[in-house]
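Peer 1: Please read through the structure below; I'll follow up with questions.
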Amino acid sequence: MEFLGVGPMELFFIIILALIILGPHDMQKAGKTLGRWMNTLVRSDTWKLIRQASNKIKYLPNELMRDAGLEDIKNASQEISNEVNKDISQMDKDLSLGVEDPFKAWREQNPGSILKKEEPQNQDNKIDPQDKPKEGLE
């Protein structure tokens, strides 16, 4: 929690410095004086006007957007963006379904250059008697 831009650690540091500089007795007098001054400041009409002006400035962009109708435009642009993203994702799905293997024709022309994926594997792990052993491995 911050008050006037001063956090709890900074406030603790200020109190320690004031205690060192003023001492314990003068610290009580300074605390009373500071408390009275802040009380009159916060209850004054000037402080209330400052707070109102601060709130108006804080929410001014939102009010201007509402008055100009930009909020409707912003919502419409978000809806259009969502629709475009849906269409793009649908097109990606459609394209991915229709894509064929680009090397299909090349594989058909050169069947021996690449191993076929559809070859059945020998599940018994037996050696086929028609296979010839490679030279130099015996």
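The values are calculated or read from the model by the stated rules, or taken from the named source; none is laboratory data. Keep in mind it's a predicted model, so treat the numbers as computed, not measured. Cβ coordinates were reconstructed from backbone atoms using ideal geometry, including for glycine residues, and neighbour counts include every protein chain displayed.
Peer 1: Being within 28 Å of the chain's Cα centre (by Cα) and either in contact (Cβ under 8 Å) with a residue 12 or more places away in the chain or part of a helix (DSSP H, G or I) (or both) narrows it down to one residue among 53, 76, 30; which is it?
Peer 2: Answer to the selection: 76.
Peer 1: Return yes or no: is residue 75 of a type outside the set (Val, Ile, Thr), more than 30 Å from residue 4 (Cβ to Cβ) and at pLDDT below 75?
Peer 2: no
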